[in-house]
Amino acid sequence: MVVISAEIMPAGKAEVQVPGLDDDDPVTQLVRVRHDQDDTPIVIEVVAIPFALAPRLLEEQLESLSVRAHFAKNKVSIARSRMYFDPILLDPDHADLLGIEPGVAVLRRRRLMWQPNGQIAESAAYYLRPDALEFYVEYSEPSH
């Protein structure tokens with residue numbers, strides 16, 4: 001992954017909403033772009049984590065960092081996660097990072113993770129390049 005930005009900011013300024021935090025609460029925001037084997041950008045990842053949960057996050061190797069692994073290593077428990085899928089029109093900044101035209105319809109996958117005490121652990125958004133990934137849901141009959 002390529003790190004576009006990594007900074008500490010007030011939650012109200014983060015690119016993603018961070019439920020349960022006040023606008024002035026500090027978060028660490030990472031913006032990274034994942035590329036395929038041909039070096040084509042395929043996913044933009046925007047992650048906001050309450051600063052208090054990962055105060056040393058920016059000292060990590062951010063190009064290969066897994067948030068869940070970082071939490072596990074630092075004894076931050078995750079009780080539940082929720083994913084949302086939203087079709088959106090790509091804004092110019094994200095379009096530039098994906099190398100496609102602004103206004104193209106893309107799938108945005110949002111993930112929220114909560115700690116056992118109900119407090120937010122992570123808010124993330126993934127902007128998926130439409131010509132690079134395929135999603136489907138498959139159902140199987142129980143008797144087969």
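Other residues with beta-carbon under 14 Å from the beta-carbon of residue 3 carry, at +1 per Lys or Arg and -1 per Asp or Glu, a net charge of -3. Can you tell me how the stretch 37-85 classifies by the Cα gyration tensor, rounded, prolate or oblate, using a/c under 1.5 as the rounded cut? The shape class here is oblate.
What order do 71, 85 take when sorted by accessible area (1.4 Å probe), most exposed first?
Largest accessible area first, the residues go 85, 71.
Return the FRET efficiency for the residue pair residue 117, residue 5: r is the Cβ-Cβ distance, R0 is 35 Å, and the value is rounded to the nearest 0.05. Spell out each step's value before the answer.
Values: r = 29 Å, r/R0 = 0.84.
Once rounded, the FRET efficiency stands at 0.75.
For residue 39, the accessible area of its heavy atoms, probed at 1.4 Å with every protein chain present, is near 110 square angstrom. Here the chain has 48 percent of its accessible surface on carbon and sulfur atoms, given a 1.4 Å probe and all protein chains in place.
Computed with a 1.4 Å probe over protein heavy atoms only, the accessible area of residue 84 comes to about 70 Å². Averaged per residue, the stretch 44-126 has 53 square angstrom of accessible surface, using a 1.4 angstrom probe with ligands and nucleic acids left out.
The values are calculated or read from the model by the stated rules, or taken from the named source; none is laboratory data. What you see is a predicted model, and the numbers here were worked out from it, not measured in a lab. Backbone-built Cβ (ideal geometry, glycine too); neighbour counts: all protein chains shown. Keep in mind that these areas ignore ligands, DNA and RNA; they rest on the heavy atoms of the full protein, side chains included. Shrake-Rupley method; radii C 1.70, N 1.55, O 1.52, S 1.80 Å.
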